[in-house]
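Beneath this line is the structure, given in structure tokens, with notes to follow.
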Amino acid sequence: DMTELLRRLNGLMFIGGQDYCPSFYGEKTTSSTVELADDERMDFDNKLLREAVGNTHLPVLGICAGCQLLNI
């Protein structure tokens, strides 16, 4: 349960990794798209971030791919 998990935290840090798929934010994959995060990670990270931003006042830090997610 993400709500219960977030109640126990003092903040969130979304770390680096592969890029989020352009289709995740409404764009098309191109030849410059190299390594993509797997679907399970993209889905979980997105749900966790939306829950945190929408229902808490936790500070959030994004590094590399985490910064991409914050922009998405």
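Give me the number: length gained by fully extending D38 to T56, i.e. 0.36 nm times residue separation minus the C-alpha to C-alpha distance, one decimal in nm.
Details: separation 18, 0.36 × 18 = 6.48 nm, distance 2.66 nm.
In short, 3.8 nm is gained.
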Revision key, fill the gap. Hull volume per residue for the chain, using the convex hull of the C-alpha atoms, in Å³ is 84 Å³
Study note, to complete from the structure: Rounded to the nearest 10 degrees, the helix 39-55 long axis (Cα) sits at an angle to the longest Cα principal axis of the chain of 40 degrees
Review point. Ordered by packing density, taken as the mean number of other Cβ atoms within 10 Å over each peptide's residues, highest first, how do 55-67, 21-33, 5-17 rank?
Key: 55-67, 5-17, 21-33
Check your understanding: Rounded to a whole number, what % of the accessible area of the chain do carbon and sulfur atoms account for, probe 1.4 Å?
Key -> 51 percent
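If you put +1 on each Lys and Arg Cβ and -1 on each Asp and Glu Cβ, how big is the dipole of the chain around its Cα centre, in Debye rounded to 20? Intermediate values should be presented prior to the final figure.
Details: 6 positive and 11 negative charges, 60 e Å.
Once rounded to the nearest 20, the dipole reads 280 debye.
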**Study point:** Amide N proximity, the stretch 30-55 versus L6 label position 7 Å along Cα-to-Cβ, cut-off under 19 Å
**Key:** 41-55
Practice item. Could you provide, to the nearest whole Å², the per residue accessible area of the chain with probe 1.4 Å? Key: 71 Å²
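The values are calculated or read from the model by the stated rules, or taken from the named source; none is laboratory data. Predicted model only: the values in this text are computed from it and were never measured. A quick note on method: Cβ atoms are made from the backbone with ideal geometry, for glycine too, and the neighbour counts reach across all protein chains shown. Surface areas here come from the heavy atoms of the whole protein model, side chains and all, with no ligands, DNA or RNA. Shrake-Rupley method; radii C 1.70, N 1.55, O 1.52, S 1.80 Å.
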